[in-house]
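A short worksheet on the structure shown next.
The values are calculated or read from the model by the stated rules, or taken from the named source; none is laboratory data. None of these values were measured; they are calculated from a predicted model. Cβ placement follows ideal geometry from the backbone for every residue including glycine, while neighbour counts extend to all protein chains displayed. With ligands, DNA and RNA removed, areas are computed over all heavy atoms of the protein, side chains included. Shrake-Rupley method; radii C 1.70, N 1.55, O 1.52, S 1.80 Å.
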Amino acid sequence: MAKLLCHVNRERAYFLSWSYNYDGTLAIVEFADGIKVIDPTLIKFEDEDHAMLCNIVKMDSERKKKKNA
């Protein structure tokens with residue numbers, strides 16, 4: 001199982017998987033003190049894919065500024 005490094009309320013953790021139920025989508029996350037099921041909106045990913053996304057957004061923003069200048 002692939003683990004993705006993340007933060008939840010400033011606490012470092014690993015995202016493990018999604019859980020789907022009648023209440024909606026939840027996230028299964030591993031913390032130092034155990035595994036918890038949490039609200040996905042609390043997760044801030046810190047993996048390479050997230051870093052690449054941030055760089056793409058930054059480049060797009062810079063292109064838009066140059067185009068509008």
For the range 24-57, how many residues are among the hydrophobic types (A, V, I, L, M, F, W, C) and part of a loop (DSSP other than H, G, I, E, B)?
1
Hits in the range 4-36 (condition: out of contact with any Asp or Glu (no Cβ under 9 Å at 6 or more places or on another chain) and open to solvent by 90 Å² or more (accessible area, probe 1.4 Å))
Asn9, Arg10, Trp18, Tyr20, Tyr22, Asp23, Asp33, Ile35
Hey, among the residues in the range 12-44 that are over 18 Å from Ala2 (Cα atoms) and of a type in the set (D, E, K, R), which one's nearest to the chain's Cα centre (by Cα)?
Asp39
Which condition breaks for Asp47 when tested against (1) over 18 Å from the mean Cα position of the chain (by Cα); (2) surrounded by 10 or more Cβ atoms within 10 Å (Cβ to Cβ); (3) acidic (Asp, Glu)?
(1)
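Restricting to the range 1-23, what's the tally of residues that are assigned to a strand (DSSP E or B) and farther than 20 Å from Glu48 by Cα?
So in the range 1-23, the residues assigned to a strand (DSSP E or B) come out as 4-8, 11-21.
Retained after the next criterion (residues that are farther than 20 Å from Glu48 by Cα): 19-21.
Result for the range 1-23: 3.
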